[in-house]
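Report on the structure given below.
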Amino acid sequence: MAKIDRSPAAWSGCSSLDNMTTNISQHSNEDESLWYIFNTLQNPVPNPDLMRDQYTKKAMQQLLSVSPRKGDYGLDGFDDGAKLPREYSCVPYLRTALYPYQRRSAAVMIQREAQPTPMLDPRLKPYVTPTGQEYYYDKEEGNIIREKRMYSEPRGGILAETMGCGKTLICIAVILATQGHFPQVPLEYQDMELPIRPQTGSLLDMAAATAGRLSLPWKSHFDLMRRTGTFFGRCIEACKEHRGAYTIPPPPTRYGSRTGVAYPRPPPRQIRLCSATLIVVPPNLVNHWKDEIAKHAEGVNVLVIQDSSAPVPPPDQLLEYDIVLFSKVRFEKEAGAASNNRRSSTAPGPSPLTKLHWLRIIVDEGHNVAGHGHRTNMVHILDQLHVERRWIVSGTPSSGLYGVEVSLASHETNVTSDSDLTEATTAVLHGKEKTTIIDSELKDLDEIRRIVVGFLDLKPWSNSQANDPANWTKYMKPVGEDGKRRKAQSLRATLQSLVVRHRMEVIYSEVPLPRLYNRVVRLKPTFYDKLNLNLFIFILAVNAITSERKDQDYMFHPRNRKHLSLVINNLRQAGFWWAGSDGDIQGTIDVASNYMEANRERMARDDIDILTEGIQIAQKAIACQSWNAFKQFHELGVFIQDFPYHARSMWALSPSRSDVEPLLLGISQAHKAQSFVTAHLNEMYPEEGLAGAGIKARLALSGRQGHPDPVPTKKTTLDKLSSCTVKTLPPSSPLAQTKLVATTSAKLTYLLDRVLELHTEEKIIIFYDNNNSAFWIAEGLELLGVDFRIYASTLKPKVRAAYLELFREQEDVRVLLMDLHQASHGLHIANASRVFIVNPIWQPNVESQAIKRAHRIGQTRPVFVETLVLKGTLEDKMLERRKAMSEKEMQQAERDLLDDSTMSSIIQNEHFLHMADDEDLTGPAYLKQPPGFFDRHGLPIPKLNESPSSAKRTPRSRKRRPVPIDMNVDTAGDSDVGTPKRRRSDGTELHSGGFSETLPSFMDSGDGTDERTNNYVSIFN
């Protein structure tokens, strides 16, 4: 068909080769990637005049009509801090002004769900004959059809506005605009004959029954009358009594028993119409939705069912609510437990949710709502429900579908003008216009298919085999005669019918965000940073040279990929700090020395030099008392100037260096010294007894040699009392001269400097990628006396939500430590304007998701992002390689940097970092403005009539030291908690297999690491 010249000139016999060539070239340039289609979909354009239902039309008009004044309908307005003049929609009970794009998106959602537009069968493409007649061509089947075949858009779709653009607020606006609306009785269950009463009913009863049968929004009507001072209590009760309902008859009997008696059938089921909206969200977003509803709406009845043990009320009670908010985990329990290939609810009888016909269901972060190729509990309960309108809320409907602004967020840039932003956007769009990674795009299409078929029931893709079946694979993933994938003509039309989304330039033209500044900070590594990194490089070098870079002994052999990934990940973590056990370093030295002695004559000169230098570095590590103390006690070193002389030898991490100024302590050890003095501030000499406390602290360190301290979870600072005075260290005290001057980690020193500089004016997010780094940072913030919270995967959702709320609402909480893996789940943290990423991130999308937690609608300050990198190290080269990679290369190596051949080659050829002769020459990283050490905390002194036990307390961040775990224990049963069990206390470990002889120390990960899985676990709960 593409080669046929269909022009009138050809029909008249006046065709030429030029016309045919032009026609062919136009078709050959049509290929577009799925990502490009997603980012160039048409903007939503609502049209209330097309609506046949007057109540739906009114709801859309209320959304699109605006008033410049707050307080319409007697409500107070809320503002999110934007400086632009705001116009308030005329939706009753909506307290927040909507931006223009939010009003349009909400109106289009109502238009689609209430009156789906007929659309051409996406399998067909329209053509026009030379005589002007229209016909339709099915390319995959080769059929030509004269009749236009139409299907309806879904009653719902995917709200895919980009991250931080107020998708939650848009959903709340849709719910409020349609408050009191009822779903229609399904066509197959409608009674075409008017009901006949046994006796004449009252006019009130007949009117109420008619309103229920026709699904009229009587709730909103009487509510409007109530606001004008007119009350119709009897009418409301009559409408409730005659609420719309329908009956589902039992299935017909197909087979009878041998006795001729039919098998028993289930009784008919009566389903009542319900005007409420079901909202299903991940557990960590339940509080976010509760807060957003309370902030933006009033006059709505909300039921929150969050806990796994919380019961679902009976249907009569559910009918009284406007919103029923579920956590995803609790909602899935309504599917019941599987037994003998059947599912039965744990409660007697079916779920109360299945006895109502709901107006709408909204699944937040619902890209996985239809499972991953198998039927999940979510799919089972959705199949049982009766819902008229279905929406998924997700800025990333599949793993590869995300907005162009996400790609821009991870770029190191200092965009200073709108033209710069436009140019950057155009460049990214152009670079991804064509499909480059076929496999990745096919996976995205499979994810979309599960949403289209399993959740939205979109025709023709969900048609049965007996009713015009449409093969998704054939039409969305066609393969040509050459075996290569061809353009799918149906793709753009199908996505356009599903997705509600504005293009980025439209949103930014209406709501300009503050600027985003993203830069890389390259730090000079300390002596100890270099020592840790060089030992990993030495391990890799010994393996490469002694295995002669071949066979299975070679670390880079494909069979050793898991072990290599472990070493590389530990090497990357060592960029912040590494306190793993010392292992058998001497054994590694012996292996290298023996190999050189036996094979020197046939070794390359470069290999000899590498082993020689590596042996010298390893010997330097063995001779370094401080480094050995770090490994022995699992500590990060801090240097204290003018520590009390009488207690120096008791607190020194390395007693032989107790006379060296500044004094070296372990960071948790220093915290104990600080806490001791703080607890004794009410005494005349708070330093009295400090030496004895040092002895106890050293005994505690000695008691956990070889393993981190498995002490019970406890609070790290004293509670603040509701009304008290705070005793602080007098400036005249000799202890006021004691300063925290340096740490052994260049990155920690930089973070502490920046936090001291910024925390009084701005709130800060620090993203970490392993729990040990989080522990060291938390201890450092404790030393500074800066209030912080931790948002970790090991915390229960309720605790995480409470900490996040404190960070948002409490001015005293200045820093949020956030697990990078928790940063992509719809969190809104726009009150933070400083973002620090402690280790460079290989996947740009993961980095962008983290950055967009702060750079989003509601942000009033410029957002500054800093990624910390040790200069000249492997992570520095990794970041440079990531910037140089094409989109295709990045997608191929997105899961693991070792999938990139260039990066793998860089690792194989990594050289040692140059080191000075000893630690005293290079030393630690010094703070620019050393803070006081003993004067950072105060001691609350309660009033005489108040005891600490009766005082108000604020939840504090809680943490444990890194704890070794047994990753063979299945923890999937409690996904909310996610706290693994500990490894055996006797230190029993498994060998890595195949490497213990040549590499006696590379897999030793006593820093809280399971050597088989590369997982660091520190439990902050």
Task: Nearest-0.05 FRET efficiency for Gln843 and Val660, computed from C-beta distance (R0 41 Å) - done: 0.45
Task: About the Cα centre, charge dipole magnitude for segment 525-623 (Lys/Arg +1, Asp/Glu -1 at Cβ), debye - done: 400 debye
TODO: Enumerate the amide H contacts of Gly157 below 5 Å, restricted to partners 5 or more residues apart or on another chain; note that Pro and chain-start residues carry no placed amide H.
DONE: Arg390, Trp391, Ile392
Open item on the list: Suppose the chain between Ala623 and Ser702 were pulled fully straight at 0.36 nm per residue; how much longer would it get relative to their current alpha carbon spacing?
Closed with: 26.4 nm
Open item on the list: Test of understanding: what is the full-extension gain from Asp584 to Leu203, defined as 0.36 nm times their sequence separation minus their Cα-Cα distance?
Closed with: 127.9 nm
TODO: Starting from the Cα coordinates of segment 525-623, work out the convex hull volume and express it per residue in Å³.
DONE: 102 Å³
Task: Built amide H within the under 5 Å cut-off of Arg95, gap 5+ - done: Ala297, Glu298
Task: Probe 1.4 Å, accessible area per residue of segment 525-623, Å² - done: 41 Å²
TODO: May I ask you to order 598-607, 897-906 by the average number of other C-beta atoms within 10 Å around their residues, highest value first?
DONE: 897-906, 598-607
- [ ] Determine, from the Cβ-Cβ distance of Lys125 and Glu423 and an R0 of 41 Å, the FRET efficiency 1/(1 + (r/R0)^6), rounded to the nearest 0.05.
- [x] 0.75
Task: Per residue value of the accessible surface for segment 770-928 (all protein chains in place, 1.4 Å probe), Å² - done: 35 Å²
TODO: With r as the distance between the Cβ atoms of Glu134 and Leu194 and R0 = 60 Å, compute the FRET efficiency 1/(1 + (r/R0)^6) and round to 0.05.
DONE: 0.90
TODO: Enumerate the calculated ³J(HN,Hα) couplings along segment 747-763 in order (Karplus 6.51 cos²θ - 1.76 cosθ + 1.60, θ = phi - 60°), each rounded to whole Hz, writing x wherever the residue is Gly or Pro.
DONE: 6, 5, 4, 5, 4, 5, 4, 5, 5, 4, 6, 10, 5, 6, 10, 9, 8
Open item on the list: Using the Cα centre of segment 525-623 as origin and beta-carbon charges of +1 (Lys, Arg) and -1 (Asp, Glu), tell me which of Leu611, Ile568, Thr526 is placed farthest towards the positive end of the dipole.
Closed with: Ile568
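Expressed as a rounded percentage, what relative contact order does segment 525-623 have, with Cα pairs under 8 Å and six or more residues apart? Before the final figure, lay out the partial values.
Details: 64 pairs, mean separation 35.6, N = 99.
Here the relative contact order equals 36 percent.
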Task: By average C-beta atoms within 10 angstrom, highest first, the peptides 797-803, 587-593, 57-63 - done: 57-63, 797-803, 587-593
Task: Portion, in percent, of the accessible area of segment 525-623 that falls on carbon or sulfur, probe 1.4 Å - done: 45 percent
- [ ] At 7 Å along the Cα-to-beta-carbon direction for both Glu433 and Glu505, put a label point, then send me their distance in nm to one decimal.
- [x] 1.3 nm
Task: Added length on full extension, which subtracts the Cα-Cα distance from 0.36 nm per residue, Gln908 to Leu50 - done: 302.4 nm
Task: Amide proton proximity set for Ala276, modelled H, under 5 Å, gap of 5+ - done: Leu359
Open item on the list: Sort 447-458, 118-129 by the packing proxy (mean of other Cβ within 10 Å over each peptide's residues), most packed first.
Closed with: 447-458, 118-129
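The values are calculated or read from the model by the stated rules, or taken from the named source; none is laboratory data. What you see is a predicted model, and the numbers here were worked out from it, not measured in a lab. Every residue, glycine as well, gets a Cβ built from its backbone with ideal geometry; the counts of neighbours run over all protein chains shown. Heads up: the accessible areas ignore ligands, DNA and RNA and are worked out on the full protein's heavy atoms, side chains in. Shrake-Rupley method; radii C 1.70, N 1.55, O 1.52, S 1.80 Å.
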